[in-house]
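Undergrad: Please read through the structure below; I'll follow up with questions.
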């Protein structure tokens, strides 16, 4: 009787996970026990930037300085850009849209920008920003 109950509970748990933990991101994991917020809060290092305009894409990583983005639990962020001996900081707030398919970044004193989340894993983040006909794709990895 107890074994049967435990088996049924285990089955119900697996069914519940399959419906609630399916990842909604194009390149995301099929399942995650971590919430989207738990996955995005991290120190991220910018690894690659791709700019696409129409049918033309190119790697624009070399146009971006060394970049670290610190996404914090209190829905604030800090981005640190380093080029040679010059370091620049940007701060602001972040949040998800209602279905957590976009992260909305609002730099202090600026209007918000929405980024489509392509991949959101524990140690990988990929977002895209669309500006008219141009799409900017940013790929991050955990900064260790």
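Undergrad: Any chance you could count how many residues in segment 73-131 are crowded, with 16+ Cβ neighbours inside 10 Å, in contact with a helix residue (DSSP H, G or I) (Cβ under 9 Å, 6 or more places away or on another chain) and outside any strand (DSSP E or B)?
TA: Final tally of qualifying residues: 2.
Undergrad: Residue under question is residue 59, and the condition is that it be at pLDDT 95 or above and more than 20 Å from residue 26 (Cα to Cα); does it hold?
TA: Against the criterion (at pLDDT 95 or above and more than 20 Å from residue 26 (Cα to Cα)), residue 59 qualifies.
One line per residue, one yes/no per condition, for (1) surrounded by 13 or more Cβ atoms within 10 Å (Cβ to Cβ); (2) modelled with pLDDT of 75 or more; (3) under 20 Å from residue 141 (Cα atoms):
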| site | (1), (2), (3) |
| --- | --- |
| 3 | no, no, no |
| 6 | no, no, no |
| 24 | no, no, yes |
| 32 | yes, no, yes |
| 42 | yes, yes, yes |
| 51 | yes, yes, yes |
| 55 | no, yes, no |
| 67 | yes, yes, yes |
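Undergrad: To continue, here is another question. How about segment 50-72: which of its residues are in a strand (DSSP E or B) and within 14 Å of the chain's Cα centre (by Cα)?
TA: 68, 69, 70, 71
The values are calculated or read from the model by the stated rules, or taken from the named source; none is laboratory data. For clarity, every value in this text was computed on a predicted model and none was experimentally measured. For neighbour counting, all protein chains shown are included, and Cβ atoms are generated from backbone atoms with ideal geometry for every residue, glycine included.
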